[in-house]
1. Relative to the longest principal axis of the C-alpha atoms of the chain, give the angle of the C-alpha long axis of helix 96-108, reported between 0 and 90° and rounded to the nearest 10°.
2. To one decimal place, what Kirkwood hydrodynamic radius in Å is obtained for the chain from all pairs of distinct Cα atoms?
3. Put +1 on the Cβ of each Lys and Arg and -1 on the Cβ of each Asp and Glu in segment 1-82; which of Val16, Leu65, Phe27 then has its Cα farthest toward the positive end of the dipole?
4. Cα-based count: Lys pairs in segment 18-108 below 22 Å, eight or more positions apart or different chains?
5. Order by neighbour count: Val69, Val16, Val37, Val100, fewest other Cβ atoms within 10 Å first, most last.
Amino acid sequence: MIELAAKECIPCKSGVPPLQGSQLLDFQWKLGGQWQVINEHHLEKEFSFKDFRQALAFTNKAGELAEKVGHHPDIYLAWGKVKITIWTHKINGLTECDFVLAAKIQELF
């Protein structure tokens with residue numbers, strides 16, 4: 001995961017094919033941290049916290065990071081939990097950058 005987190009998110013261009021099959025498995029293995037690849041389309045992970053305040057603080061950190069790198073996940077905030085969903089909207093699938101962002105978010109936890 002450290003290898004992925006050290007990389008920079010590079011914006012995807014239209015027409016780039018999304019990752020599939022063994023490519024996704026390789027990146028998922030590098031990512032670790034119990035992130036799930038859902039339908040070869042998006043990454044998802046739910047983080048648990050002691051209370052709403054901690055979940056909100058994490059949400060704000062993840063949001064600031066996303067803004068900094070210009071790659072914006074869906075973030076669901078509830079009492080004691082935050083669910084992050086990541087994919088590249090431009091190609092409606094996953095790229096290496098999605099895994100990089102997930103690794104960076106994982107480091108915030």
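1. The angle comes out at about 20 degrees.
2. It is 13.9 Å.
3. Farthest towards the positive pole: Leu65.
4. Going through segment 18-108 pair by pair, I get 22.
5. On the way: Val69 16, Val16 12, Val37 19, Val100 23.
Taking fewest neighbouring Cβ atoms as first place, the list is Val16, Val69, Val37, Val100.
Taken together, the values in this text are just the output of simple stated rules run on the coordinates, not laboratory data. None of these values were measured; they are calculated from a predicted model. Every residue, glycine as well, gets a Cβ built from its backbone with ideal geometry; the counts of neighbours run over all protein chains shown.
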